[in-house]
Amino acid sequence: MNNIIEMVEIGRRFDRSWVLAHMNLTIKKGESVALFGANGSGKSTLLKILATLLSPTTGRFQIFGKNPEKEKSFIRRHLRLLGHDKQLYGSLTPLENLRLAARIRGLDYNDKIFESLLGQLQILPFKDQPIGELSEGTKKKLVLAKLLLGDPELILMDEPYPALDKSGREILGHLIHEWRHEGKTLIIASHDHEETIKHVDRVLTLQGGMISS
Amino acid sequence: MTLFFQQTVAILSKDFLMEYRDRSRLLSTLLFGLLLLLLFSFALSVDPALMRKMAPGLFWLTLFFASTLSLEHSFQKEREEGRWEGLLILGIDPRALFLGKLLGNLLFISLLQLFLLPLMAVLYDIQLSWTLGTVLVLGSLGLSTLGTFYSALTASLREGQFLLPLLLYPMLVPLLLASVKVTELVLARDLFGQQVAWLKLLIVFDIIFLLGSLLTAEFLIDR
Ligand SMILES: Nc1ncnc2c1ncn2[C@@H]1O[C@H](COP(=O)(O)OP(=O)(O)OP(=O)(O)O)[C@@H](O)[C@H]1O
Ligand SMILES: [Mg+2]
């Protein structure tokens, strides 16, 4: 099984308007792909469909060779999504947020591992401070640390760059480099074409509900 | 199965920690319950015999009204910042999420009861007993199950928080009737053993609500 994602004639409608229509997409295992497109072109919608958070209105698709209607939990266990929303709890600390995520994922990690993850993102000094008191960039780095939990095969990133400073971008670049080296599949939706292009094998552009490469 | 319980406990302890850090909600609900009880007792204070008679109904009404706020908040707080999706994508079992929230609400309502009971005992001159305790637990289990169910349902709707009481209160009627009736019987030292039938009814309500919401949890929580 070489294709990690196969989408055929996918369409998604919100109310009356079609955001995706007759979209076909194939991504091979280990590929790193950029997803470009204007505001509202459907990048986030596509990523959410891939993450099984939204169902397509029409068409069929497979991830990891599985049908998302039937094997949602398998698919979710093997992918991670960095979304527009940070999915963090403001009154909990970075350490507590990571602990919660790991326990829900079923990972038996101890605090040493969490601390090393926070260290990797250079936010260890903030580990015991409530998230609500942290800067946007620090929170974003915590979101990146969450991506490192477990061993996902497919990593979906929706706008990873905003809020990151220069060192943050370097850290992310380093992570992406490692992931590619480990043979993970990446999809990066971004408006920061220059930065993204450094890290991908090919570029997909969403326009008029379809993909052109 | 162990992952299921691990997830349930993770949600429960996370909510516990969050509510503890942000105690104002807890305190204001307790105070609201206290005020309701006092207001009811002022309104009826003309006649102590009447007060004793009304005590079970007033107690349960106070509990229902006072817990609405925190029940609504239970799933609403997951709506912010994409947390709900964040939990799903981590692979949470919707039933584990539901159960975690349910246990949290049950804990909260029990706390509210513990807080109100002594006051009830003084104001309305009632006697505490184990049977009364059982009734309270069964009644609040039903209340938290239904409340958690509607909290999950309305959290995904815009303006959902206004809908919650509208949906919740009518469904609570049978539960309210049964709880008030058994409480009355227990307090009146139930000479003819009628309370068993009402207790059974209460248990049946609880089981139906619990099974019903666990069966629909996936549909309710995962889109
Ligand atoms: N839940 C929703 N309900 C209704 N319409 C929606 C919903 N989600 C997205 N849309 C619509 O779908 C279209 C595509 O949105 P999407 O967020 O996928 O775009 P995007 O390419 O990610 O844009 P951006 O670059 O701004 O992030 C938009 O017109 C948006 O209004
Ligand atoms: Mg987007």
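The values are calculated or read from the model by the stated rules, or taken from the named source; none is laboratory data. Note that the structure is predicted; figures quoted are calculated from it, not measured. Virtual Cβ from ideal backbone geometry, glycine too; neighbours counted across all protein chains shown. Accessible surface is based on the protein model in full, side chains and every heavy atom, while ligands, DNA and RNA are left aside. Shrake-Rupley method; radii C 1.70, N 1.55, O 1.52, S 1.80 Å.
Remark: the stretch B:2-221 carries 48 Å² of accessible area per residue (probe radius 1.4 Å; ligands, DNA and RNA excluded). Label-to-label distance for A:D128 and A:R202 is 5.1 nm, based on points extended 7 Å past Cα in the beta-carbon direction.
Residues considered: B:E72, B:E85, B:E184. Largest GNM mean-square fluctuation over chain B, using C-alpha springs under 10 Å, is found at B:E85.
Of all DSSP bridge pairs formed entirely within the protein assembly as shown, close to 50 percent run antiparallel. For A:K166, the lysines whose Cα comes closer than 18 Å to its Cα, not counting residues fewer than 8 places off in the same chain, are A:K139, A:K140, A:K141, A:K198. Note that chain B, at 20 °C in a medium of 1.002 mPa s, gets a Stokes-Einstein diffusion coefficient of 118 µm²/s from its Kirkwood radius over C-alpha pairs. From the alpha carbon centroid of the stretch B:140-178 to that of the stretch A:169-210 is 45 Å. With the simple spin-label model, which puts each label point 7 Å out from Cα in the Cβ direction, the A:I113 to B:L17 separation comes to 1.6 nm.
Once the Cα atoms are used to define both axes, helix B:130-155 deviates from the longest principal axis of chain B by about 40 degrees.
Put simply, the amide H of A:V33, placed in the peptide plane, has neighbours under 5 Å in A:L186, A:I187, A:I188, A:D201, leaving out anything fewer than 5 places away on its chain. Pairs spanning more than 28 Å between alpha-carbon atoms, out of A:K48/A:K184; A:K70/B:K101; A:K43/A:K184: none are present. You can think of it this way: the chain between A:S17 and A:Y161 has 48.9 nm of extra reach, that is 0.36 nm per residue less the Cα-Cα gap. The aspartates and glutamates whose alpha-carbon is closer than 18 Å to the alpha-carbon of A:K127, local same-chain residues fewer than 8 away aside, are A:E96, A:D111, A:E115, A:E136. Just to be sure I understand: with springs between alpha-carbon atoms less than 10 Å apart, which residue in B:T68, B:T134, B:T145 has the highest mean-square fluctuation in the Gaussian network model of chain B? Looking only at B:T68, B:T134, B:T145, the largest GNM fluctuation is found for B:T134.
Helix B:2-21 and the long axis of chain B differ in direction by around 70°, with both axes built from C-alpha atoms. Taking 17 Å as the straight-line reach from the Cα of B:K200, the aspartates and glutamates in range (excluding those fewer than 8 positions away in the same chain) are B:E184, B:D190. Of the trypsin sites (Lys or Arg not before Pro) found in the stretch A:51-82, those that fall in a DSSP loop while having at most 11 other beta-carbon atoms within 10 Å are A:K70. With Rg and the Kirkwood Rh both taken from Cα atoms, where does Rg over Rh land for the protein assembly as shown? Rounded to two decimals, Rg/Rh equals 1.07.
A Gaussian network model of chain B, with springs between Cα atoms under 10 Å, assigns the largest mean-square fluctuation among B:L146, B:L50, B:L63 to B:L50. State log₁₀ I(q)/I(0) for chain A at q = 0.13 Å⁻¹ as given by the Debye formula over alpha-carbon point scatterers of equal weight, solvent excluded. Normalising to I(0) and taking log10 leaves -0.74.
Mean residue ellipticity, 222 nm, helices only, the protein assembly as shown: the sum of -39500 (n - 2.57) across DSSP H runs of n ≥ 4, divided by residue count and rounded to 500, is -20000 deg cm²/dmol.
Summing both sides, the accessible surface hidden between A and B at a 1.4 Å probe radius is close to 2500 Å².
Between B:L114 and A:S212, take the C-beta separation as r, use R0 = 56 Å, and let me know the FRET efficiency to the nearest 0.05. My answer for the efficiency is 0.30. By accessible area, using a 1.4 Å probe on protein heavy atoms only, the protein assembly as shown has 61% of its surface on carbon and sulfur. Summarising the overall dimensions of the stretch B:178-223 from its C-alpha atoms, the Rg and Dmax are 15.5, 51 angstrom.
Remark: chain A carries a charge dipole of roughly 540 debye about the Cα centre, counting +1 on each Lys and Arg Cβ and -1 on each Asp and Glu Cβ. Label-to-label distance for B:L34 and B:K200 is 4.2 nm, based on points extended 7 Å past Cα in the beta-carbon direction.
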